[in-house]
Amino acid sequence: MPDLNALWISVRATFDEWLRTRWSDLQFADARTALLVFAVLLSVTGFVFLVRMLLGRRAGRTHVPLPALLPLMRRSPLTMTRHLPLVLFLAGIPFFAVALAQPLTGFTREEVSYPGRRIAILVDASTSMVMQFKSDMKRQGTATYFTAVAAAERFIERRKDGPYRDIVALIQFGNEAYVVTPFTTDYENIQLSIRLISDPREWGRFADWGTTIVEGIDQGVQLFKAFDFINASGNLMIVFTDGRDSELNRQNRPLDNLVAEARTWKVPVHMMRTAYDRREGEVQQDKIWRGVVERTGGRFYAAYDDESINRAITEIDRLTPGRIQTREYSVKRPRYAGYTLVAVGMWLTAALLKLSFGVFRTFP
């Protein structure tokens, strides 16, 4: 058991020291005396307040005289409107409390519409693309391949800087076609993929050196099918190639069937044929591929220098405004902004009424 006498001595000494530091002009010989004085003062104070409360209410001293009100004067039903600022303030508190709780929606699905197109970009990486193409837009090398890749990147930059939110895919083809990047809304991802395939070492690792443009187009159609875009509007393919390919069949499947399929599903194919200083008709296959792409609803562009490439990019961009409808999913989307807006709106309205109109400053 603790020593109660020693504890009491310690408490008394502490209290006595506290009193001495607070009221140095008073001297207490004993802490008990100080406690007694404190209790008496508190009792006297309470007694005075009680007496004033019981005896202090006298007419003329504690009351304000008012003139008599005529019985015919009725209270206006609009007098309660003076409490409107207070009501608005109190009504905003629950909304703000909900906002502080940071409400979230667990899972949402929305049907949204954006300006843009679903675009599959096809780049020819075959052996014939090693031919020289003098251009200022490419970063490295003199081959036509690097010019084609630079033209594709410039087209993406133009779409990115515009009002569009395209869904873009990147395909590289030779004898076979390969999906480099599937459909995505991330322009930077597509630009990164284009820079990746523009690296000379990466191009050197590309094994399919032949040119089969039909393979690339068919791969693009299959990609639209895989993403269930085939029945949607706003689909488009752009082929960057030198056009030096006369193969019009794919695994015993005639090109006419592929063209009819693309036209039926409304997937126009634009082709930018890149061959330095070769205008339209100066490449043997130009006539073939012009007819093919025009049957799909697309256009054929003979690009023979930087100016013709820029013209083609500008026209393709102009011809593909479009609008796409897509389905967006989100998990744990914050919803506090609406509640915060309601609460702040109520409080600002209350403050405006209180500061602008005198009737709202009367009380009670």
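The values are calculated or read from the model by the stated rules, or taken from the named source; none is laboratory data. All of these numbers come straight from a predicted model, not from anything done at the bench. Note: ideal-geometry Cβ built from the backbone for every residue, glycine included; neighbour counts use all protein chains shown. Just so you know, the surface numbers come from the protein's heavy atoms only, side chains and all, with ligands and any DNA or RNA stripped out. Shrake-Rupley method; radii C 1.70, N 1.55, O 1.52, S 1.80 Å.
What number of residues within region 257-270 are modelled with pLDDT of 90 or more and either open to solvent by 70 Å² or more (accessible area, probe 1.4 Å) or in contact with a Lys or Arg (Cβ under 7 Å, 6 or more places away or on another chain) (or both)? Summing the residues that are modelled with pLDDT of 90 or more and either open to solvent by 70 Å² or more (accessible area, probe 1.4 Å) or in contact with a Lys or Arg (Cβ under 7 Å, 6 or more places away or on another chain) (or both) in region 257-270 gives 1. Evaluation of Ile313 against the conditions (1) under 21 Å from Thr127 (Cα atoms); (2) hydrophobic (A, V, I, L, M, F, W, C); (3) out of contact with any strand residue (DSSP E or B) (no Cβ under 7 Å at 6 or more places or on another chain) shows that the sole unmet condition is (1).
Restricting the search to strands (runs of 3 or more DSSP E) fully inside region 87-194 and requiring at least 1 residues that are within 30 Å of Ala343 (Cβ to Cβ) and in contact (Cβ under 8 Å) with a residue 24 or more places away in the chain gives 104-115.
Is it the case that Lys354 is of a type in the set (Lys, Arg), under 30 Å from Phe89 (Cα atoms) and assigned to a helix (DSSP H, G or I)? So Lys354 fits the description; yes.
Provide a single number: the residues in region 297-310 that are polar (S, T, N, Q) and either open to solvent by 10 Å² or more (accessible area, probe 1.4 Å) or out of contact with any strand residue (DSSP E or B) (no Cβ under 8 Å at 6 or more places or on another chain) (or both). The qualifying residues number 1. Cβ-Cβ distances below 8 Å connect no pair with a first residue in region 239-251 that is modelled with pLDDT of 90 or more, a second residue that is open to solvent by 50 Å² or more (accessible area, probe 1.4 Å) and basic (Lys, Arg), and a separation of six or more residues or different chains. Taking the listed residues Val344, Val331, the one that is closer than 29 Å to Val98 by Cα and in a helix (DSSP H, G or I) is Val344, with no other qualifying.
Table: residues versus (1) closer than 30 Å to Ala143 by Cβ; (2) surrounded by 14 or more Cβ atoms within 10 Å (Cβ to Cβ); (3) out of contact with any strand residue (DSSP E or B) (no Cβ under 6 Å at 6 or more places or on another chain).
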{"site": "Val87", "(1), (2), (3)": "no, no, yes"}
{"site": "Ile93", "(1), (2), (3)": "no, no, yes"}
{"site": "Gln102", "(1), (2), (3)": "no, no, yes"}
{"site": "Thr108", "(1), (2), (3)": "no, no, no"}
{"site": "Ile121", "(1), (2), (3)": "yes, yes, no"}
{"site": "Asp124", "(1), (2), (3)": "yes, yes, no"}
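Comparison of Val168, Val180 shows that the only residue that is open to solvent by less than 30 Å² (accessible area, probe 1.4 Å) and in contact with a helix residue (DSSP H, G or I) (Cβ under 6 Å, 6 or more places away or on another chain) is Val168. The number of residues in region 282-296 that are open to solvent by 90 Å² or more (accessible area, probe 1.4 Å) and farther than 28 Å from Ile230 by Cβ comes to 3. For region 183-230, taking the residues that are over 17 Å from Glu153 (Cα atoms) and of a type in the set (Ser, Thr, Tyr), the one that is surrounded by the fewest Cβ atoms within 10 Å (Cβ to Cβ) is identified as Thr212. The single residue among Arg327, Arg323, Arg279, Arg273 that is within 25 Å of Ala143 (Cβ to Cβ), open to solvent by 40 Å² or more (accessible area, probe 1.4 Å) and in contact (Cβ under 8 Å) with a residue 24 or more places away in the chain turns out to be Arg279. Among the residues in region 243-250, are any more than 20 Å from Val123 (Cβ to Cβ) and in contact with a strand residue (DSSP E or B) (Cβ under 9 Å, 6 or more places away or on another chain)? Yes, that holds for at least one residue.
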